[in-house]
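Mind having a look at this structure? Questions to follow.
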Amino acid sequence: QTQLVESGGGLVQAGGSLRLSCAASGSIFSINTMAWYRQAPGKQRELVAGITSGGSTNYADSVKGRFTISRDNAKNTVYLQMNSLKPEDTAVYYCNKVRYYFPWGQGTQVTVSA
């Protein structure tokens, strides 16, 4: 069964940066489009960024120009580089496919202070 393990979150001041990682085990990771999602308290989970198996990317309007998604298929890992962080980026961040989801991981908390 595929397991997703997110890491790299933390507390950062507005304007700062973080790099999130998501390691997948037990899956045919390389052929799947992967994405980062986030869920803030009291809000629905939203897609932040996606990357195809070939490396094409897309971003939510709210993070365009600030976040960069990438992947290393040899390591079964997808990354999210987050720059110019804002308090509204505060959320638990998760990775997964864009459909036919793997079991969700525990996520990683990102907190951005003003």
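Full extension from residue 28 to residue 83: what is 0.36 nm times the residue separation minus their Cα-Cα distance, to one decimal in nm? Don't skip to the end; give the middle numbers.
Details: separation 55, 0.36 × 55 = 19.80 nm, distance 2.98 nm.
Net length gain for the segment: 16.8 nm.
Express the C-alpha Rg of the chain as a ratio against the empirical globular expectation 2.2 N^0.38 Å, rounded to two decimals.
Details: Rg = 13.1 Å, N = 114, 2.2 N^0.38 = 13.3 Å.
Scaled against compact globular proteins, the figure is 0.99.
Just to check I understand the Karplus step: with θ = phi - 60° and J = 6.51 cos²θ - 1.76 cosθ + 1.60, what whole-Hz values come out for segment 90-98, glycine and proline as x?
4, 4, 8, 9, 10, 10, 5, 6, 8
Per 0.36 nm of contour for each residue apart, how much would the distance between residue 106 and residue 1 grow if the chain were fully extended, relative to their Cα-Cα spacing?
Numbers: separation 105, 0.36 × 105 = 37.80 nm, distance 1.54 nm.
Working it through step by step, the gained length comes to 36.3 nm.
Between residue 13 and residue 60, what is the FRET efficiency for a Förster distance of 25 Å, r being their Cβ-Cβ separation, to the nearest 0.05?
Step by step, r from the Cβ atoms, then E = 0.65.
Just the number, please: carbon plus sulfur as a percent of the accessible area of the chain, 1.4 Å probe, no ligands or DNA/RNA counted.
Numbers: 2860 of 5930 Å².
That fraction is 48 percent.
Can I ask one more? Which order do peptides 50-56, 62-68, 17-23 fall in by mean Cβ count within 10 Å, highest first? Don't skip to the end; give the middle numbers.
Values: 50-56: 13.4, 62-68: 15.0, 17-23: 18.6.
The densest-packed peptide leads the list: 17-23, 62-68, 50-56.
Find the lysine pairs in segment 27-112 meeting two conditions, Cα atoms under 21 Å apart and a separation of 8 or more places or different chains, and report how many there are. Display every interim value, and only then the final one.
Numbers: 43/64; 43/86; 43/97; 64/86; 64/97; 75/97.
Here the count comes out as 6.
If you don't mind, another one. With every protein chain kept in place and ligands, DNA and RNA left out, what is the accessible area per residue of the chain? Probe 1.4 Å, answer in Å². Please report the intermediate quantities before stating the final value.
Numbers: 5930 Å² over 114 residues.
Ligands and nucleic acids excluded, the result is 52 Å² per residue.
The values are calculated or read from the model by the stated rules, or taken from the named source; none is laboratory data. Remember, predicted model here, so these are calculated numbers, not experimental data. Counting neighbours? That spans all protein chains shown, and the Cβs are built from the backbone with ideal geometry, glycine included. Areas reflect the complete protein model, heavy atoms only, side chains present, ligands, DNA and RNA absent. Shrake-Rupley method; radii C 1.70, N 1.55, O 1.52, S 1.80 Å.
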